[in-house]
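**Student:** Pasting in a structure now, in structure tokens, and then I'll have a few things to ask.
The values are calculated or read from the model by the stated rules, or taken from the named source; none is laboratory data. Note that this is a predicted model, so its numbers are computed, not measured. Cβ placement follows ideal geometry from the backbone for every residue including glycine, while neighbour counts extend to all protein chains displayed. Each accessible area value is taken on the protein alone, full model and side chains, heavy atoms only, with ligands, DNA and RNA left out. Shrake-Rupley method; radii C 1.70, N 1.55, O 1.52, S 1.80 Å.
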Amino acid sequence: MEWEVVIGLEIHVQLSTTTKIFSGASTAFGAEPNTQACAVDLALPGTLPVFNENALRMAVMFGLAVNAEIGKRSVFERKNYFYPDLPKGYQTTQLAEPIVGAGYVDIETDDGVKRRVRLHHAHLEEDAGKSLHEDFHGMSGIDLNRAGTPLVEIVSEPDMRSSKEAAAYARKIHAIVTTLGICDGNMAEGSMRCDCNVSIRPKGQETLGTRTELKNINSFRFIERAIDTEVARQIDLIEDGGKVVQETRLYDPDKNETRSMRSKEDANDYRYFPCPDLLPVVIDDSYIDAIRATLPELPDARRARFIEEFGLSEYDAGVLSSYRAQADYYEQAVKACGDAKLAANWVMGELAKYLNQSDTDIKDSPISAEQLGGLLVRIKDNTISGNIAKKVFELMWSKGGSADDIIETEGLKQVTDTGAIEKIVDEVIANADKQVEQYKAAEPEKRGKMLGFFMGQVMKATGGKANPGAVTGILKQKLDALCN
Amino acid sequence: MSLDRSDVERIAHLARLQIDESDIPSYTENLSSILNLIDQMQQTDTSGVEPLANPLDAVLRLREDVVSEVNQRAALQSVSPAVEEGLFLVPKVIE
């Protein structure tokens, strides 16, 4: 039977506010346990929440960026459950009247599938603390620094039809929130966490199959792998005559399998009700319009402009516009060197390689956009070849300095002087009798390939600094002269 | 609407309340009568009445995003039964 995969995502985005959603405690990452958990976060008796305006503003920014209706009146509710990292015994969240209503984003997968994914809504809520289960004499340790960190939970409709689409959607949300500057986007630190609702149904069937929920996936690659693994499990299960049980499952990246975490039979037992400690949040058009006026250029618009203005391919434009810091860097590099395609190749090539290898964010790149631009200018004007440029790049990365200074002090300037190249070519030919004989004996149409050896020798003799175009021309001319 | 014994046990479990076996009949009766009152209220025609999220006729005040809390861990943890390496210790929880 042919199966259709149906996927909906719930993405939790940690807002990059300075303080908690309902208290004035800091949200900075990496502090000593419980040093940023105040009386409100600990739910001590007599404390009351006071709502952070910046969290509201960021949620509205997101809503505007995904073409959504903004809730001019939104209401906080209590979602009741017991867990030690939730001191109040309920999570303050939104349900019936969220801050962001229905919206949509357009996605495109690597293999070119385009789709509009509808958002059901997005709401504001607070994060829980962290439980540490290792080595406390049979006890669990609780760190409440994270408790009360503002989150926006973005709930999509079940509109995605493959794991690739799900990953493309998550990437798009990531690009939007980082471009807006409302989330640092650091998935490894849990700033963006993803739950995937996955079901299958026979192709053509209208009603949805029973879904399972894959919890807390923290990389785009794992989204794809977790969904693929779960889909294969569900197909096997049904084709063997079994039934999918609605439950929460955990993806184990090491074993590449999903396993049951807890049954969701108590799903309706959260006993939501409006939080009596918090009044309805009411905002007006002028508040929303003022935020609209501050929105930066969004990834889709920037991508379209990169194609239009710089003549980039759709793929290159998509990659470069997906992360604001990278897009900003790229534009500065273009400005500095005046060649959009060369800059694209270097930002996505050599620079991306070095950043990945050293796990560095482009914001902290040791080579600035202006420095890179200065290097590209020297490739363009033939001062150095592409290969030498990589060497200059490496030195610039490790030691700093401008491309011009490095080229000067390292003596890497390309030799374009024909006389000098001719002299070296003569020496190479004089010292390679065997290869010259082979060249002479070869069919004329095969001689082109044999130039490689001589080319290598010349480059070796010049430390790679000879202009490759000039060398080829001179070599060919001199060798062919020997053949006649 | 009337509750039975299993409803009361479930509600107690959800609220993590330990109740005496012998008290269950009286809880069942009391809770049922509360629900009966709610049933009665449900009969009122509320069409055209906005749902009420809060009885106060006011909207939420907002706070500026500025740190106002200092680290008071030592004081806050002085009332905790068990603390280690700055963490609150609780009976082991593993999902």
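**Student:** Among the numbered criteria (1) within 13 Å of chain B (Cβ to nearest Cβ); (2) more than 25 Å from the chain's Cα centre (by Cα); (3) of a type in the set (Lys, Arg); (4) open to solvent by 60 Å² or more (accessible area, probe 1.4 Å), which one does residue A:79 miss?
**Tutor:** The number of the failed condition is (4).
**Student:** Only one of (1) within 14 Å of chain B (Cβ to nearest Cβ); (2) at pLDDT 95 or above; (3) open to solvent by 80 Å² or more (accessible area, probe 1.4 Å) is not met by residue A:262, so which one is it?
**Tutor:** Single failed check for residue A:262: (2).
**Student:** Taking segment A:104-124 only, how many residues are open to solvent by 10 Å² or more (accessible area, probe 1.4 Å) and closer than 24 Å to residue A:53 by Cβ?
**Tutor:** 2
**Student:** How about segment A:190-291: which strands (runs of 3 or more DSSP E) wholly inside it have at least 2 residues that are free of Cβ contacts under 8 Å to residues at least 40 places away in the same chain? Explain how you work it out, then say what you get.
**Tutor:** Details: elements: A:192-202, A:212-217, A:247-252, A:257-263.
Passing ranges, in order: A:212-217, A:247-252, A:257-263.
**Student:** If we scan segment B:27-44, do we find a residue that is assigned to a helix (DSSP H, G or I), of a type in the set (A, V, I, L, M, F, W, C) and under 30 Å from residue A:35 (Cβ atoms)?
**Tutor:** Pass one, segment B:27-44, residues assigned to a helix (DSSP H, G or I): B:27-42.
Cutting the leftovers down to of a type in the set (A, V, I, L, M, F, W, C) gives us B:31, B:34-35, B:37-38, B:41.
Keeping just the survivors that are under 30 Å from residue A:35 (Cβ atoms) gives none.
Scanning segment B:27-44 turns up no residue that is assigned to a helix (DSSP H, G or I), of a type in the set (A, V, I, L, M, F, W, C) and under 30 Å from residue A:35 (Cβ atoms).
**Student:** Quick one: what pairs do we get from segment B:51-70, first residue modelled with pLDDT under 90, second among the small types (Gly, Ala, Ser), C-beta under 9 Å, 6+ apart or different chains?
**Tutor:** If the second residue must be among the small types (Gly, Ala, Ser), the pairs left are B:51/A:96; B:53/A:96.
**Student:** If I filter segment A:15-38 down to residues being more than 7 Å from chain B (Cβ to nearest Cβ) and farther than 21 Å from residue B:85 by Cβ, which single residue comes out as surrounded by the most Cβ atoms within 10 Å (Cβ to Cβ)?
**Tutor:** A:20
**Student:** Here is a follow-up. Quick one: what pairs do we get from segment B:76-95, first residue facing chain A (nearest Cβ under 7 Å) and open to solvent by 90 Å² or more (accessible area, probe 1.4 Å), second part of a strand (DSSP E or B) and hydrophobic (A, V, I, L, M, F, W, C), C-beta under 8 Å, 6+ apart or different chains?
**Tutor:** Filtered contacts from segment B:76-95: B:91/A:139; B:92/A:139; B:95/A:261.
**Student:** Read through the list (1) acidic (Asp, Glu); (2) surrounded by 14 or more Cβ atoms within 10 Å (Cβ to Cβ); (3) part of a loop (DSSP other than H, G, I, E, B), then give the number of the only condition that residue B:7 fails.
**Tutor:** Here residue B:7 meets the rest and fails (3).
Rundown of residues vs (1) in contact with a strand residue (DSSP E or B) (Cβ under 7 Å, 6 or more places away or on another chain); (2) surrounded by 10 or more Cβ atoms within 10 Å (Cβ to Cβ); (3) under 30 Å from residue A:47 (Cα atoms), yes/no style:
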residue: B:24; (1), (2), (3): no, yes, no
residue: B:43; (1), (2), (3): no, no, no
residue: B:48; (1), (2), (3): no, no, no
residue: B:59; (1), (2), (3): yes, yes, yes
residue: B:62; (1), (2), (3): yes, yes, yes
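**Student:** What single numbered condition from (1) surrounded by fewer than 16 Cβ atoms within 10 Å (Cβ to Cβ); (2) not assigned by the TED database to the domain that holds residue A:339 fails to hold for residue A:404?
**Tutor:** Of everything listed in (1) surrounded by fewer than 16 Cβ atoms within 10 Å (Cβ to Cβ); (2) not assigned by the TED database to the domain that holds residue A:339, residue A:404 misses just condition (2).
**Student:** Another question about this same structure. Considering A:384, A:367, which residue is at pLDDT 95 or above, farther than 23 Å from residue A:188 by Cα and in a loop (DSSP other than H, G, I, E, B)? Give the derivation first.
**Tutor:** Details: A:384 fails: at pLDDT 95 or above.
Within the list A:384, A:367, the selection yields A:367.
**Student:** Restricted to segment A:39-64, and to residues that are of a type in the set (Gly, Ala, Ser) and open to solvent by less than 10 Å² (accessible area, probe 1.4 Å), which residue is nearest to the other protein chains (Cβ to nearest Cβ)? Write out each step before concluding.
**Tutor:** We begin by selecting, within segment A:39-64, every residue of a type in the set (Gly, Ala, Ser); these are A:39, A:43, A:46, A:55, A:59, A:63.
Next, only the ones that are open to solvent by less than 10 Å² (accessible area, probe 1.4 Å) stay: A:55, A:59, A:63.
Values: A:55: 8, A:59: 12, A:63: 17 Å.
Ranking the qualifying residues of segment A:39-64, first place goes to A:55.
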